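Trainee: If you scroll down you'll find the structure; I have some questions about it.
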Amino acid sequence: MSDSASAINLIDIDSMLSSKTPQEILRYALENHDNIAISFSGAEDVALVDMAHRIRSDIQVFSLDTGRLHAETYRFIEKVRKHYGIAIDLVMPEASKVEALVKSKGLFSFYEDDHKECCGIRKIAPLRKQLLTVDAWITGQRRDQSPGTRAAVPVIQDDKAFARPEDQLTKFNPLANWTSQQVWDYIRSNNVPYNELHDKGFVSIGCEPCTRPTGPGQHEREGRWWWEEATKKECGLHAVNIES
Amino acid sequence: MHQADQFKFIDRVVLADETDPKSEGMLLAGKYNIDRAPFFIVESESAPAKIYTVYYRFVKEILNGQMTEDQELREIQDNHPDLDFI
């Protein structure tokens, strides 16, 4: 199938799945891919683990252990592992890369540069390595997480950034159309375990040095990398301006 | 690309002007369902057009060029701000 035909096919599927519930999207993903894994951040995306576990009890789950997560998050990952009786692969960065970064720039270089160098080594490189082992992956990404209007998070997408050479990697974002409130309604009504940091005012949870609680009315993005301009990274073409 | 002496391999450059949906780049983006720029279209007589939206893949697979891992990771993050929430 050519690139354009493949893209159009996924757009059709995205259109079909967009009106479905996260559970229906997950079922589609799990029924169409055997080698598929959930990326679990240790935050409210636990809702996905709960939903997926009800569909397939042996669901593959991995978490990116950057080495800088909160103690509460490590405790929570362990709690989820035991609660669902599942294996959670902790994916860690290459020690030599972390050592080289810390040796040359110290432990908090992201406050002076930006977070990308550290995230690249601790998160993106391990993620890329992990995704080489699967045919599809599932994230808890939602449209309402980004303050920019350009940030489009489709329900299904052809992940060209992390695909094996000459191969296809499909990415599912079953919560794309849900709001934070809907995710929390699900967690509360289904007695899903959650990270204790949420009770301490944390909405978005990442690494300890780069995450802070947010106050009433603040967007969750303001709890991450607050020293950087939130919308600086927005890029891409406005879909509304593209004529098919 | 100029610095790496790769621009000599580019046959044609078109502009995707966000304020002009009829600009050639925007029409091509629509045709191939592309939502970001730059993108690269590789045409040959024997196969359908291949589209690259990831620069490092284009450099590696088509230009047989080299990029450092740091450069690749930086590009991925620049083009995928949504990964902040992974």
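Trainee: Across the stretch A:114-138, what is the total count of residues that are outside any helix (DSSP H, G or I) and either within 21 Å of B:Asp82 (Cβ to Cβ) or under 14 Å from the mean Cα position of the chain (by Cα) (or both)? Give the derivation first.
Mentor: Within the stretch A:114-138, the subset outside any helix (DSSP H, G or I) is A:114-115, A:132-138.
Checking which are either within 21 Å of B:Asp82 (Cβ to Cβ) or under 14 Å from the mean Cα position of the chain (by Cα) (or both) leaves us with A:114-115, A:132, A:134-138.
Of the residues in the stretch A:114-138, 8 are outside any helix (DSSP H, G or I) and either within 21 Å of B:Asp82 (Cβ to Cβ) or under 14 Å from the mean Cα position of the chain (by Cα) (or both).
Trainee: A follow-up question, please. B:Phe7 versus (1) away from chain A (no Cβ under 11 Å); (2) open to solvent by 70 Å² or more (accessible area, probe 1.4 Å); (3) farther than 30 Å from A:Glu117 by Cα: which is the lone unmet condition?
Mentor: (3)
Trainee: Counting only residues that are touching a strand residue (DSSP E or B) at 6+ places or on another chain (Cβ under 6 Å) and open to solvent by 20 Å² or more (accessible area, probe 1.4 Å), how many does the stretch A:89-131 have?
Mentor: Total satisfying the criteria: 3.
Trainee: Residue under question is A:Ala43, and the condition is that it be more than 14 Å from every other protein chain (Cβ to nearest Cβ), touching a residue at least 24 places away in the same chain (Cβ under 8 Å), closer than 22 Å to A:Tyr194 by Cβ and buried (at least 20 other Cβ atoms within 10 Å of the Cβ); does it hold?
Mentor: Considered against the rule, which asks whether it is more than 14 Å from every other protein chain (Cβ to nearest Cβ), touching a residue at least 24 places away in the same chain (Cβ under 8 Å), closer than 22 Å to A:Tyr194 by Cβ and buried (at least 20 other Cβ atoms within 10 Å of the Cβ), A:Ala43 comes out as no.
Trainee: Is one or more of the residues making up the stretch B:77-86 more than 30 Å from A:Phe62 (Cβ to Cβ) and of a type outside the set (Val, Ile, Thr)?
Mentor: Looking for residues that are more than 30 Å from A:Phe62 (Cβ to Cβ) and of a type outside the set (Val, Ile, Thr), one finds none in the stretch B:77-86, hence no.
Trainee: Can you tell me which residue within the stretch B:10-53, out of those that are facing chain A (nearest Cβ under 7 Å) and assigned to a strand (DSSP E or B), is surrounded by the fewest Cβ atoms within 10 Å (Cβ to Cβ)?
Mentor: Applying the filter and picking the extreme gives B:Lys50.
Trainee: Related question: Within the stretch A:156-179, track down each residue that is touching a residue at least 40 places away in the same chain (Cβ under 8 Å) and either open to solvent by 30 Å² or more (accessible area, probe 1.4 Å) or in contact with an Asp or Glu (Cβ under 6 Å, 6 or more places away or on another chain) (or both).
Mentor: Once the filter is applied, which keeps residues that are touching a residue at least 40 places away in the same chain (Cβ under 8 Å) and either open to solvent by 30 Å² or more (accessible area, probe 1.4 Å) or in contact with an Asp or Glu (Cβ under 6 Å, 6 or more places away or on another chain) (or both), the stretch A:156-179 yields A:Ile156, A:Gln157, A:Asp158, A:Gln168, A:Asn177, A:Trp178.
The values are calculated or read from the model by the stated rules, or taken from the named source; none is laboratory data. These numbers come from a predicted model, not from an experiment. Using ideal geometry, Cβ is built from the backbone for each residue, glycine included, and neighbour counts are taken over all protein chains shown. These accessible areas exclude ligands, DNA and RNA; they are computed on the full protein's heavy atoms, side chains included. Shrake-Rupley method; radii C 1.70, N 1.55, O 1.52, S 1.80 Å.
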